[in-house]
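Chemist: My questions all concern the structure below.
Read-outs throughout are calculated quantities, based only on the coordinates presented, and are distinct from any laboratory measurement. What you see is a predicted model; the values in this text were computed from it and never measured. Don't worry about glycine lacking a Cβ; one is built from the backbone with ideal geometry, like all the others, and counts go over all protein chains shown.
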Amino acid sequence: MAKLTPNPQNANPAGSSTGNFPTKMGKRDRVEFLLQELDREFPEPPIPLDHRDAYTLLIAVLLSAQCTDERVNQVTPVLFKRADNPAGMSRLPEAEILEIVRPCGLGPQKASAIHRLSGMLMEKHGGEVPASLEELEALPGVGHKTAQVVMAQAFGVPSFPVDTHIHRLAQRWGLSSGKSVQQTEKDLKRLFPEETWNRLHLQIIYYGRRYCTARTKCDGTGNACPVCPRLNAGRKTARKTRKA
């Protein structure tokens, strides 16, 4: 698994630098503040799912639904030892795939999707993962977020896949109403420069895991998280968040 190496030049926790930002920040100030702080804390965020190419990344992201990255990284070496390409995977019995991926949860659905999408890649895409959001979303078991992760991390296409961490923090940081995951994605894409999206979505995920988890009592007015109080200075009430 890719290791997240802290920035050796960052001796203080994220959010410790105030710079020239006003006490009460509007959205544009928050955006600039976050870009600075997240770049300082996570200058080179690694892709958390182990993979070798677009296909193995696609399978790993599919398995990560409602499962930890750590568990996926334990399961994929076993699966990829049996088959690490669409041709080989499509020849494996679905029951054999299920036996391997069961620890990731939702085993029957994921095994079926892996087997079917591998066959579809052979039939319609010459055994290659398509570098198209629409074609990815047409594959069995591949939703919008999974397709965006592959576009960003396998093909380098600017994308902003929104997971539970990003959805939560966008609300706590006052960047989105959190009405829906789709709305959060639109809001973040509108606020942040396109060239930052691929790095930024990983930085926010790592920040949410390390500092601002769903379980911490970080409501934007306390001190549990280094950044939230800075972004919400002067607020008298906590920001309410909606689940993804």
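Chemist: What does the convex hull of the Cα atoms come to per residue for segment 54-153, in Å³?
Modeler: 80 Å³
Chemist: Whole number please: convex hull volume per residue of the Cα set in the chain, in Å³?
Modeler: Measuring per residue, one finds 119 Å³ for the Cα hull of the chain.
Chemist: Under a crude label model (7 Å from the Cα following the beta-carbon direction), how far is GLU135 from LYS217 in nanometres?
Modeler: 5.2 nm
Chemist: Can you check what the net charge comes to around ARG30, using other residues whose Cβ is under 14 Å from the Cβ of ARG30 (Lys, Arg +1; Asp, Glu -1)?
Modeler: Taking every Cβ under 14 Å from that of ARG30, the sum is +4.
Chemist: Could you give the nm distance between label points at HIS125 and ASP53, where each point is 7 Å from its Cα heading toward the beta carbon?
Modeler: Output for this residue pair reads 1.2 nm.
Chemist: Using a Förster distance of 35 angstrom, determine the FRET efficiency expected from the C-beta separation of ARG210 and LYS236, and round it to 0.05.
Modeler: About 0.80, to the nearest 0.05.
Chemist: Note down the magnitude of the dipole of the chain about its Cα centre, charges +1 on Lys and Arg C-beta and -1 on Asp and Glu C-beta and zero elsewhere, to the nearest 20 debye.
Modeler: Value, rounded to 20: 1400 debye.
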